[in-house]
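Read the structure below first, then the notes.
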Number of protein chains: 6
Amino acid sequence: MSTNQPAVSRFPVPDISDMPQDIRERILAVQEKSGFIPNVFLVLAHRPDEFRAFFAYHDALMDKPGNLTKAEREMIVVATSNLNQCQYCVVAHGAILRIRAKNPLIADQVAVNYRKADITPRQKAMIDFAVKVSQQAYAVGESDLDILKSHDFTEEDVWDIAAISAFFGMSNRLANVTSMRPNDEFYALGR
Amino acid sequence: MSTNQPAVSRFPVPDISDMPQDIRERILAVQEKSGFIPNVFLVLAHRPDEFRAFFAYHDALMDKPGNLTKAEREMIVVATSNLNQCQYCVVAHGAILRIRAKNPLIADQVAVNYRKADITPRQKAMIDFAVKVSQQAYAVGESDLDILKSHDFTEEDVWDIAAISAFFGMSNRLANVTSMRPNDEFYALGR
Amino acid sequence: MSTNQPAVSRFPVPDISDMPQDIRERILAVQEKSGFIPNVFLVLAHRPDEFRAFFAYHDALMDKPGNLTKAEREMIVVATSNLNQCQYCVVAHGAILRIRAKNPLIADQVAVNYRKADITPRQKAMIDFAVKVSQQAYAVGESDLDILKSHDFTEEDVWDIAAISAFFGMSNRLANVTSMRPNDEFYALGR
Amino acid sequence: MSTNQPAVSRFPVPDISDMPQDIRERILAVQEKSGFIPNVFLVLAHRPDEFRAFFAYHDALMDKPGNLTKAEREMIVVATSNLNQCQYCVVAHGAILRIRAKNPLIADQVAVNYRKADITPRQKAMIDFAVKVSQQAYAVGESDLDILKSHDFTEEDVWDIAAISAFFGMSNRLANVTSMRPNDEFYALGR
Amino acid sequence: MSTNQPAVSRFPVPDISDMPQDIRERILAVQEKSGFIPNVFLVLAHRPDEFRAFFAYHDALMDKPGNLTKAEREMIVVATSNLNQCQYCVVAHGAILRIRAKNPLIADQVAVNYRKADITPRQKAMIDFAVKVSQQAYAVGESDLDILKSHDFTEEDVWDIAAISAFFGMSNRLANVTSMRPNDEFYALGR
Amino acid sequence: MSTNQPAVSRFPVPDISDMPQDIRERILAVQEKSGFIPNVFLVLAHRPDEFRAFFAYHDALMDKPGNLTKAEREMIVVATSNLNQCQYCVVAHGAILRIRAKNPLIADQVAVNYRKADITPRQKAMIDFAVKVSQQAYAVGESDLDILKSHDFTEEDVWDIAAISAFFGMSNRLANVTSMRPNDEFYALGR
């Protein structure tokens, strides 16, 4: 990190050249594709094994086939992350949501109060459930699943929504404890 | 409102030509200056007396002289409004904050987690207090004021911070109940 | 303020003779009518512009025509103010509620637990909504309005209930931060 | 209960003549002394064994010798009962507090926000602790006791404060579930 | 208490030989029957009158005839006590629940999340109500009772559930403030 | 799953013979070592990629070298999982904690209220931090880290505590949504 730059993490961040090869290659591939390295890659590289597991989990949820669109998955991330007050996740995934949904307004709407967002009632039901998983998973019961099924979500979709909410709940906590800084590039993407 | 436009309010919105003259003039002046009419003016025009009192109060807090900069006042609005999940207030005042602070990143940072924002420790103490007023005003006591004073806030500044937090707490509730829609123009302003 | 009297406010309170004429006249008119000056007038007179906007707003909500009775408006104030732990508002508006409702018991009942008060089911639905606006306005939705409509509240009544709850939410915060002291006269009024 | 009177309890209330002799005698003694029968006696008489244990416990805490004055014990009851939204307890013990303290204002002050009441810093520390016992007893620790000791409360006083808070927490729940109605007489007593 | 033993209470614990005779006899009878003296008897013996009232109340609720089985009464204690984070009550009454239900798994299941426990829907409804009494008794209303009645609970059962929840809410607070230590014997009983 | 057995998951559970080889091998190895297959392996095998990432992450946190003992890591899991009301995690990791700590009492103590457990002040500070990460990660700041450092925790230990709390927060949510059932074997292990 050059001087005068705000820190990317409260913890040490390794130089890319010092990272294990598989991690370095993943990071360089992301940089190639995105034009910059999202800071989550740098922050977690401090712990290579956790880095590998984190991104394997991330990809298993966010890149897999399934009925939820890519934009819908990002809606879940953005809505639950704002309730968890996670700056990195809202800013970074807000950018991805704008791009996925080709809609410059949607991320801010979903982040602040998804009930008022330009999304479908089905998507609001999806986020209602994701928020319940995030905040009161202990109380999730059959009546919650019935609501989702009435909106034509399958049992597999239920798992997807819950797992995305749960995974990013973990991510939100890591980002807040590490003071993970969103890259400046994210703020304007997709607007 | 033209057809196919999402509603600006859950309640009726009068035509500008039907508004009382003083309200129409204020609205046209804002439109002249901003290039568009922020929806809060249209939504509240449904109740002319409340409109007049609301904006008189707003101006008394936000446009008055005082030690808090215009940007700092907007920080208070943005941070407390996100905790109240007020879409209109975060989007609209986020735009104003970016402009006042000449900083395209600051609004999203302050909205999601001001503790991680690129602001001074003094400004964080200011928002800590504003958030306490917003969420637990009953417990505000001398020790809170002592912290503010240790950051060189005066007694008058304490009133300003508290009053801005309290006023926008009201505004947040009105916006949520009316489903006040942020103008599309706000999202990109100052980025 | 004479010596040995507990302070009316944590902030400076101007002498009546030093107040702007319009404020002084309003205060003297209240004193004429009530026999004493409710402290909210003295406390807010420290900020004349805010004083004017506050009472203009207050009057626009509490003195306007409408379907809600004067007593019902005060019920909203008393119930939400106790949840916000606002001593001034519960004591002062409790007195007004007793007088408006010609009922010496109602204020304490509504303040502590309106669900057990001697009021109608329609009034309980009104306060349920006011409390939701006060505590979770972000979650207010059509189902809340449907309940109110089933009790024959109109759309305008919904606005009134919400606006009174929101306005006194602001007032509660100002009173708590200023340590606004209820006048001794209020406690026994209407009993 | 005569017709047209609001019910004293959601559960059956026995006729005094049908009560076990010891309970009847206690109730008649209270009526003799107070001029009326506080409804808690009638409501709990539905369960004679619980009645006996309840009042034995009550007397062991409220009538025993000790450093806490009678008025201070009632302050604990009134402050914690309002947070628990117990109408019977706030109204009935508010009356007793006014009488014990010979102060017509104190009950409403302590009920709504004891931090602003006309009581000593020592009494505020006492209520701070009672409220913590009522709301977060799991987190009570040595630092809480140190604060009490710094105000010259003994270890026995700590037990008294905690036990009164805990006992009336039970009482608050019973009163809310039974819809125990405060007697009309309480509202004006001691004002 | 012998040396090297962790303290049973933050407060003084009397020697059995110094206790009033009725208390000593009750304790010796329990010891005879159980093989050890549950610490709650020792801790509360510091206050003989409160000891007597506490156990009279306990017995009136837990040993009386009624429709709730002994195991069901213990389920209420275990579920609500864990939400109150009361170590003594969960460990001691968990042991009793295992014994009463002749089920080595049930106490841990009910303590952590009764919604997932091997109990009947009727028992889950019973605990739902007990938890509402414990956490939000102010909001208990007819709709709660209707649910219980749909599960064939009588009005007397409603009282029993509520009273057990309320009584152990008091007990939880006393145990947390006194740092009442569960006897080592409880942990393995009934497994 | 044989008939008459309670379901292990609300979602489908594959037969071991149908699982991908690496997953089957891991499961058989666990069975070999433990004598039974902990249900988390069966439940997550429904999603092989998530299974692999989950256990890679788990092992990276729980099996890695570091200053936190194995027992301390389990304390974090048990304390935070009970606050999240996760039956599977408290029962299964409670068993592991008893074994790691060679202490039959510790798991129940730490689960219900770690502040009263037979652990060191340093371990209580560790759990205080883990609980804050679990419940209010947004508010974690330098003062929290200072407390940990005063107990001789290093920066790497801070990461470990936070990551374990965050990872099991995810696990708690997955277990609650899937209704993951603890194996009967866990309840008695290590007692």
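Quick rundown of the values:
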quantity: Rounded accessible area per residue of chain C, 1.4 Å, Å²; calculated: 37
quantity: Charge sum, other residues only, whose C-beta stays under 12 Å from A:ARG122's C-beta, Lys/Arg counted +1 and Asp/Glu -1; calculated: -2
quantity: Cβ-defined net charge surrounding A:ILE37, 13 Å radius [Lys, Arg +1; Asp, Glu -1]; calculated: -1
quantity: When the protein assembly as shown is reduced to its Cα atoms, the Kirkwood hydrodynamic radius in Å; calculated: 31.7
quantity: Fluctuation leader among D:ALA95, D:ALA117, D:ALA53 - chain D, Gaussian network, Cα springs under 10 angstrom; calculated: D:ALA53
quantity: Protein accessible surface hidden between C and A, which excludes ligands and nucleic acids, total in Å², probe 1.4 Å; calculated: 200
quantity: In Å, descending, principal axis extents of the Cα set of the range C:2-125; calculated: 48, 36, 24
quantity: Carbon plus sulfur fraction of accessible area for the range B:70-187, probe 1.4 Å, in percent; calculated: 50
quantity: Shielding score for A:133-142, defined as the mean number of other chain Cβ atoms within 10 Å; calculated: 6
quantity: Magnitude of the charge dipole, the range B:1-133, Cβ model with Lys/Arg +1 and Asp/Glu -1, debye to 20; calculated: 580
quantity: Where the Cα pairs of the range E:16-62 fall when distances are cut into 10 Å bins, in %; calculated: 27, 62, 11
quantity: Given A:LYS70/F:LYS149; B:LYS64/B:LYS124; F:LYS102/F:LYS149; C:LYS132/D:LYS132, the pairs whose alpha carbons are separated by over 32 Å; calculated: A:LYS70/F:LYS149
quantity: Set of aspartates and glutamates with alpha-carbon distance to A:LYS116 below 13 Å, sequence-local pairs under 8 removed; calculated: A:ASP108, A:ASP128, C:GLU142
quantity: Size of electric dipole in the range F:4-73: Cβ of Lys, Arg +1 and of Asp, Glu -1, about Cα centre, debye, nearest 20; calculated: 200
quantity: Residue among E:SER165, E:SER150, E:SER134 with the largest mean-square fluctuation in a Gaussian network model of chain E, springs linking Cα atoms under 10 Å; calculated: E:SER150
quantity: For the range B:30-89: span of alpha carbons on each principal axis (Å, largest first); calculated: 32, 28, 25
quantity: Area projected by the alpha carbon convex hull of the range E:112-162, averaged over all directions, nm²; calculated: 3.5
quantity: Net charge, B:ASN67 excluded, C-beta distance under 13 Å - Lys, Arg +1, Asp, Glu -1; calculated: -1
quantity: Debye log10 I(q)/I(0) at q = 0.10, 0.18 Å⁻¹ for the range D:70-187, Cα point scatterers; calculated: -0.27, -0.87
quantity: Estimated 222 nm signal from helices in chain F, with DSSP H stretches of n ≥ 4 weighted -39500 (n - 2.57), rounded to 500; calculated: -20500 deg cm²/dmol
quantity: Label distances, nm, E:GLN136 versus same residue in remaining copies, Cβ-directed 7 Å point; calculated: 0.6, 0.6, 2.1, 2.1, 2.2
quantity: Projected area, mean over directions - the range F:122-191, Cα convex hull, nm²; calculated: 6.1
quantity: Most mobile listed residue (A:PRO48, A:PRO104, A:PRO65) in chain A, GNM with C-alpha springs under 10 Å; calculated: A:PRO65
quantity: At least 40 Å² accessible surface lost relative to isolated chain, residues of the range A:32-76 (1.4 Å probe); calculated: A:ARG47, A:GLU50, A:ALA53, A:TYR57, A:ALA60
quantity: Residue of chain C nearest the C-to-F rotation axis [by Cβ], rounded angstrom distance; calculated: C:TYR138, 9
quantity: For A:90-96, mean number of other protein chain Cβ atoms within 10 Å; calculated: 2
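The values are calculated or read from the model by the stated rules, or taken from the named source; none is laboratory data. For clarity, every value in this text was computed on a predicted model and none was experimentally measured. Counting neighbours? That spans all protein chains shown, and the Cβs are built from the backbone with ideal geometry, glycine included. Just the protein is used for accessible areas: all its heavy atoms, side chains included, with ligands, DNA and RNA removed. Shrake-Rupley method; radii C 1.70, N 1.55, O 1.52, S 1.80 Å.
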